[in-house]
Amino acid sequence: MKLFSNFSNSSKQQPEFPACVDYNIILENDIVEGKPVKMVDMGLLNVPTGSIVVCDPLTMPDWPPLNRKIPKGNYPVKIYLADFGNGHLRVTLAHLEIAPGRAERWVLAVRDGEDVTTLKNEADYFGFPVDAGLGCFWDEKTRDAFVKFDNKLYETNGEGVYDLYLEDEFKKSANYPGDIGSWATYTVPGTQLNVTMFSSGWGDGRYPAYWGIDKDNKLVSLVIDFIILLGNEEEDDDK
């Protein structure tokens, strides 16, 4: 699957760029491509502004938000893990449930300046870069509060939010001794602003997000594809 990272200067409305796969295959099946798929309910994500950021929360928190907003509210987040056996689970899909209903089509989620007319092949995409092996859903307001809190921790403790808090949160989802865990939901202290974080497929790289739209043209879903299943495997050497 070819990927792109260039931004254009145009923020005008662009045509849709359809996904080359149907994510309902993962959302609706317990076994996909011969691998068991486990669903994990991560709880509700608080979205106070409707401006969603999908990014690596530790290395690229300032990545631009998606250019399509959703209504303010609280939304279920679920992740889907492909089981490779012996406790080896990999997050294949993260799902933000925006409204009830089944998506009939999936279209690439983009940010201002990402020009879908430059994508030529059906498997091309824009995505967000990952350098800490993590992806997330969070509201732009939460992102700002998280970064401010993290900076304050470094100033007062010499360590940031991951070392002081998140490492222990991730260990709660460990599958075997020594496993660092695959997911965590974290609320910024003193606020109701939370973030859902999850390991990113085989690790670092660039990953796309897609909006799910139902038969009535209503927005019902947002997913992040971590390139594990549906013919997109990019396995690492340590599998």
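The values are calculated or read from the model by the stated rules, or taken from the named source; none is laboratory data. Here the structure is a predicted model, which is why all the values come from computation and not from measurement. All Cβ positions, even for glycine, are placed from backbone atoms using ideal geometry, and neighbour counts span all protein chains on display. The accessibility values were calculated without ligands, DNA or RNA, using every heavy atom of the protein model including side chains. Shrake-Rupley method; radii C 1.70, N 1.55, O 1.52, S 1.80 Å.
Using amide H atoms built in the peptide plane, which far-off residues or other-chain residues are under 5 Å from LEU134 H to H?
The answer is SER200.
State, to one decimal in nm², a quarter of the convex hull surface area for the C-alpha atoms of the chain, i.e. the direction-averaged projected area.
Numbers: hull surface 53.2 nm².
So the mean shadow area of the Cα hull is 13.3 nm².
Once R0 is set to 25 Å, what does the formula 1/(1 + (r/R0)^6) return for the Cβ-Cβ distance between ASP163 and THR191, expressed as a FRET efficiency to the nearest 0.05?
Efficiency computed from Cβ-Cβ geometry: 0.80.
Solvent-accessible area per residue for the chain at a 1.4 Å probe radius, Å²?
47 Å²
Dipole of segment 54-191, Cα-centred, from +1 at each Lys and Arg C-beta and -1 at each Asp and Glu C-beta, to the nearest 20 debye?
Its charge dipole is roughly 560 debye.
What is the extension gain from ASN175 to ASN217, computed as 0.36 nm multiplied by their sequence separation minus the C-alpha to C-alpha distance, in nm to one decimal? It would help to have the intermediate numbers written out before the result.
Details: separation 42, 0.36 × 42 = 15.12 nm, distance 3.95 nm.
Length difference between fully extended and current span is 11.2 nm.
What shape does segment 146-198 take by its C-alpha gyration tensor, where a ≥ b ≥ c are the square roots of the eigenvalues and a/c under 1.5 counts as rounded, a/b above b/c as prolate, and the rest as oblate?
Since a/c reaches 1.5 but b/c is at least a/b, the shape of segment 146-198 is classed as oblate.
Taking the Cβ of PRO61 as the centre, find all other residues whose Cβ is under 11 Å away and add up their charges (Lys, Arg: +1; Asp, Glu: -1).
-3
What aspartates and glutamates does LYS69 reach when the alpha-carbon gap must be under 19 Å and sequence neighbours fewer than 8 apart in one chain are set aside?
Candidates past the 8-residue exclusion: GLU16, GLU97, ASP112, GLU114, ASP115, ASP139, GLU140, ASP144, ASP214, ASP216.
State, in angstrom, two size descriptors of segment 1-140 derived from its alpha carbons: Rg to one decimal place and Dmax to the nearest whole number.
That works out to 15.8, 49 Å for Rg and Dmax.
Counting only protein heavy atoms and a 1.4 Å probe, tell me what percentage of the chain's accessible area is made up of carbon and sulfur.
Reported share for carbon and sulfur atoms: 46 percent.
What number in nm² do you get for segment 71-179 if you take the convex hull of its Cα atoms and divide its surface by four?
Answer in nm², one decimal: 10.7.
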